[in-house]
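First the structure, in the form of structure tokens, and then the observations on it.
The values are calculated or read from the model by the stated rules, or taken from the named source; none is laboratory data. These numbers were taken from a predicted model, which means no experiment stands behind them. Reconstructed Cβ throughout: ideal geometry from the backbone, glycine too, with neighbour counts over all protein chains shown. Accessible surface areas use protein heavy atoms only, side chains included; no ligands, DNA or RNA. Shrake-Rupley method; radii C 1.70, N 1.55, O 1.52, S 1.80 Å.
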Amino acid sequence: MKGQYFSFDAIIASVIFILALIALLSYWHSIKSFLDFQNDQISMEAIKVSNLMFTPPDPHLACASVERLGLAMSWQDRRLNASAIECAELRGEPWVRKSFDTYYNISLVITNVGDSSATPIELGVPVPDDAENVAKIRRLATVLNDDGTDYLAIVDLSLYN
């Protein structure tokens, strides 16, 4: 009788051990896959572009002669400048892509959070349904208008090819 009881415990322990090992290996595999996805080229490029958005443009140049796009007011004041956003909207998506120094297609949508009826500012075309390798980043920002008022905005950046 004792021998049968011990073998029953050993079988149950072996099953629990195998299930725990499978759970551990599947967790490790999912974490590894997630980290590999985070390190792909388009995700790193999206992070770079989203950081460049919050740098200031050259203050001495007019909209027509700005070579590199930065939407922030200054290095100390990281609120987005409404004039710089309008300049980017006027110059178009190819210029925005060139100024951010990316070879991916770019879609940038800035939406006013406080006023749900406000039309979002869109730079580039919306991401097509059949696009491959899409990296999306959403950031919150404060946009400073020319008259000194500001509003909270959601900045949706998408890179795709």
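Modelled spin labels at TRP75 and VAL134, positioned 7 Å past Cα toward Cβ, are 3.7 nm from each other.
Taking LEU108, LEU21, LEU52 as the candidate residues, the one with maximal mean-square fluctuation in a Gaussian network model of the chain, Cα springs under 10 Å, is LEU21.
Largest GNM mean-square fluctuation among ILE12, ILE106, ILE31, using the chain with Cα springs under 10 Å: ILE12. Specify the residue with the greatest mean-square fluctuation among ASP146, ASP58, ASP130, computed from a Gaussian network of the chain linking alpha-carbon atoms under 10 Å apart. Among ASP146, ASP58, ASP130, the largest GNM mean-square fluctuation belongs to ASP130.
The length gained on full extension between LEU152 and SER26, counted as 0.36 nm times the residue separation minus their Cα-Cα distance, comes to 41.2 nm. If the viscosity is 1.567 mPa s and the temperature 4 °C, what Stokes-Einstein diffusion coefficient in µm²/s follows for the chain when Rh is the Kirkwood radius over Cα pairs? For these conditions, the coefficient is 69 µm²/s. Only protein atoms count toward the accessible area here, which uses a 1.4 Å probe; on the chain, the carbon and sulfur part of that area reaches 61 percent.
Rounded to the nearest 10 square angstrom, ILE18 shows an accessible area of 90 square angstrom against a 1.4 Å probe. With the simple spin-label model, which puts each label point 7 Å out from Cα in the Cβ direction, the TYR103 to PHE17 separation comes to 5.3 nm. With helices as the sole contributors, the chain gives -14000 deg cm²/dmol at 222 nm; each DSSP H run of n ≥ 4 counts as -39500 (n - 2.57), and the sum is divided by every residue.
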